[in-house]
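Heads up, the thing below is written out as structure tokens.
The values are calculated or read from the model by the stated rules, or taken from the named source; none is laboratory data. Note that the coordinates shown come from a computational prediction; the quantities given were computed from them, not determined experimentally. For neighbour counting, all protein chains shown are included, and Cβ atoms are generated from backbone atoms with ideal geometry for every residue, glycine included. Only protein heavy atoms, including side chains, enter the accessible area calculation; ligands, DNA and RNA are left aside. Shrake-Rupley method; radii C 1.70, N 1.55, O 1.52, S 1.80 Å.
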Amino acid sequence: ESNTRLPPLAAVGRHWRMINSIRRAVVFTLCTALALWWLDIDDILLSGVRDRLARPRAGTSADERAPGPPFWEGIVNTTNRTEIRSRQVWNYRNGTALIVNVHIAHQGGNALCAYMKQAGPVPKNSCMLSPRDNLTFPWPRTNPWTRDETGPNAALLRPEFHMVAWQYTFGLAQTKMPDRPVAGADWENPDVVSIYVTRDPLDRSLAGDGVISRLFGDESVRTLDHWRGFSRSFATNNYALSRLVHGSTPHDCMRGEDTPPDCVEAAKALLSRFTFVLDQACLGEGIEALGRELGIPPPDPRRVKADDSSTHESARDRINNTELYEFIRRRMRQDIELYQWSKGISLVKCGQ
């Protein structure tokens, strides 16, 4: 007779229940991991952090909200920009994302608007919302939008338009600024494709228009005194930089060559959040590349005039005064630094 003793039935039952418990724990862990991966929980958690960072102080309305440095750092340093851009582009291609172009005057906005008009419905007034659009619902009359407004406004406008522009130009005092901080918009929203066209500040200042001509005369007949006045004007005082960061930094970013470096860093942080940056120096190539990204047909050259810097004389030759040329370069040196940096994140690297 064998001396081997069979375990009691109670012991077998306990072992079997233990095995089943382990098996259920393993299955639960695997399913949870799969669900978190599918839901992209990192973005969910990050959005919660951003919500806490963006809460207004007591007694502050949503319209007065101006994000400070912690807001910049929380977005730029911890967000997976490639993933966000991919999602924004995907949503645009599927008809749910709205293109928003932040347009500084004389930085390619008209050419981009013409291309977008070729591709689909846009607002009638240079792609900017206006009463001319005859919308049958209350539409957002103030921009930039706040973070809380961005998603709802994009969803409201997308059935009507595939692109809108926010233009910041001279205004009555030649120093018109955005009504709210550009950085306050939710540029990470999956239903917004943001675009910014960057341009050499010297070339931008010489683009000319009716305001400049009335103040300083036409460039071809401008006197030395008028050139001196132009060199000290709003047009040469960190024009693009100051509008990009207006309201989102405590610094005065229109102090000429004494403008604090923090202004440039704030602008870099903002542009790092945009879906696309295009360089005016090769805007035609940039628009074609943008179309490929978004699934838009190539631009019709008869309708889209993508003027670029290569069609003009150099700024040095146009100013034709070494002393004034160097003065203007020093005066807008922070704006130039931002442009040189922004070329590195442009969709098309001009000359390559």
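Need the failing condition index for N134 against (1) open to solvent by 50 Å² or more (accessible area, probe 1.4 Å); (2) touching an Asp or Glu at 6+ places or on another chain (Cβ under 9 Å); (3) more than 21 Å from A183 (Cα to Cα), just the number.
The single condition N134 does not satisfy is (2).
Residue-by-condition table, conditions (1) crowded, with 18+ Cβ neighbours inside 10 Å; (2) of a type in the set (A, V, I, L, M, F, W, C):
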residue	(1), (2)
V211	no, yes
L215	no, yes
D225	no, no
F230	yes, yes
Y239	yes, no
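When residues of the stretch 90-109 are filtered for being outside any loop (DSSP other than H, G, I, E, B) and surrounded by fewer than 18 Cβ atoms within 10 Å (Cβ to Cβ), how many remain?
Summing the residues that are outside any loop (DSSP other than H, G, I, E, B) and surrounded by fewer than 18 Cβ atoms within 10 Å (Cβ to Cβ) in the stretch 90-109 gives 2.
Hey, among P123, P201, which residue is open to solvent by less than 50 Å² (accessible area, probe 1.4 Å), over 25 Å from S342 (Cα atoms) and touching an Asp or Glu at 6+ places or on another chain (Cβ under 7 Å)?
Within the list P123, P201, the selection yields P123.
Does the stretch 167-175 contain any residue that is open to solvent by 20 Å² or more (accessible area, probe 1.4 Å), under 27 Å from Q118 (Cα atoms) and touching a Phe, Trp or Tyr at 6+ places or on another chain (Cβ under 8 Å)?
No, because not a single residue in the stretch 167-175 is open to solvent by 20 Å² or more (accessible area, probe 1.4 Å), under 27 Å from Q118 (Cα atoms) and touching a Phe, Trp or Tyr at 6+ places or on another chain (Cβ under 8 Å).
Restricting to the stretch 154-166, name every residue that is part of a helix (DSSP H, G or I) and surrounded by 21 or more Cβ atoms within 10 Å (Cβ to Cβ).
Across the stretch 154-166, the qualifying residues are A154, L157.
For the stretch 59-75, does any single residue satisfy the condition of being modelled with pLDDT of 95 or more and either among the hydroxyl-bearing types (S, T, Y) or open to solvent by 70 Å² or more (accessible area, probe 1.4 Å) (or both)?
Among the residues of the stretch 59-75, not one is modelled with pLDDT of 95 or more and either among the hydroxyl-bearing types (S, T, Y) or open to solvent by 70 Å² or more (accessible area, probe 1.4 Å) (or both), which makes the answer no.
Does the stretch 90-104 contain any residue that is under 16 Å from the mean Cα position of the chain (by Cα), under 23 Å from G295 (Cβ atoms) and at pLDDT below 95?
Yes; the residues of the stretch 90-104 include at least one that is under 16 Å from the mean Cα position of the chain (by Cα), under 23 Å from G295 (Cβ atoms) and at pLDDT below 95.
Select from the stretch 110-153 the residues that are of a type in the set (D, E, K, R) and in a loop (DSSP other than H, G, I, E, B) and write down the one among them that is farthest from V245 (Cα to Cα).
Filtering first and then ranking leaves K124.
Filter the stretch 81-106 down to residues that are touching a Leu at 6+ places or on another chain (Cβ under 7 Å) and more than 12 Å from F276 (Cβ to Cβ), then give me how many there are.
2
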